[in-house]
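Comments concern the structure below.
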Amino acid sequence: DLFAQAQGDFAGTYNHTPMTVGQPGTIVSDLQHCDGLNAIQVDLSHYVPLAQSKNGKFAIEAFGSVGAGIYVTDTRANVFSMTADGSYDSGQSQESGHGFISAIGHDKKHTHAQFVVDGFGASVGAGFRATAFKYLFAEAGIKAGVARLTSFHSIDDGRGSQTIGWAQTNVAIGAQFPIALGKKK
């Protein structure tokens, strides 16, 4: 039985022991949220005018934002040398574009559990926006946040948890159109 072999090779107590993703044959040799760490998030932004042309067609604004939402993942894992599909790589495999392939050439593809709501997160951001002709804009900013994954799939019925901090830069060019018309001043 492959699972019994994995248990024998990695016998021990690992509760609350920090793990690092390592090489094949280690406790956790592969852990990927392979189809992205997908955030479904609502952001609230506040814009503060810094400068505006006399005719009102050009403006520069600063903005700040806060957001919160859920995270959806499709996790691929290799824990105790056991892949998600139940195969055992015995520490002899290497990563390929198609999954794990053992040293003797047998394809040990990972299966993906499916997209699952695995956690929640929050973010903050700030930046600047330049507006031309009231509707066209260019925006640059930074955003940082934290994702707390509480129950992603690993092997068999196993689950894992993870906290991920992240930061990104954003650049956007676009157009904005009012969807509700108010009274003109």
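Taking amide hydrogens as placed 1.01 Å from N in the peptide plane, the amide H of Asp35 sits under 5 Å from those of Asp74, each at least 5 positions away in sequence or on another chain.
For the pair Ala140 and Ala68, a Förster radius of 22 Å applied to the C-beta separation gives a FRET efficiency near 0.40, rounded to the nearest 0.05. Can you give me the distance in nm between label points at Thr169 and Tyr47, each placed 7 Å from the Cα along the Cα-to-Cβ direction? Spacing of the two 7 Å Cα→Cβ label points: 2.3 nm. Computing FRET efficiency as 1/(1 + (r/R0)^6) for Gln176 and His16, where r is the C-beta to C-beta distance and R0 is 45 Å, gives about 0.35. Derived scalar couplings between HN and Hα for region 125-137 equal x, 7, x, 10, 10, 10, 10, 10, 6, 6, 10, 8, 8 Hz in order, rounded to whole Hz, by the Karplus curve 6.51 cos²θ - 1.76 cosθ + 1.60 (θ = phi - 60°), x for Gly and Pro.
No lab work stands behind these numbers, since they all come straight from the coordinates. Please read all numbers here as calculations on a predicted model, not as lab measurements. Neighbour counts are summed over all protein chains in view; Cβ atoms, including those assigned to glycine, are modelled from backbone coordinates with ideal geometry.
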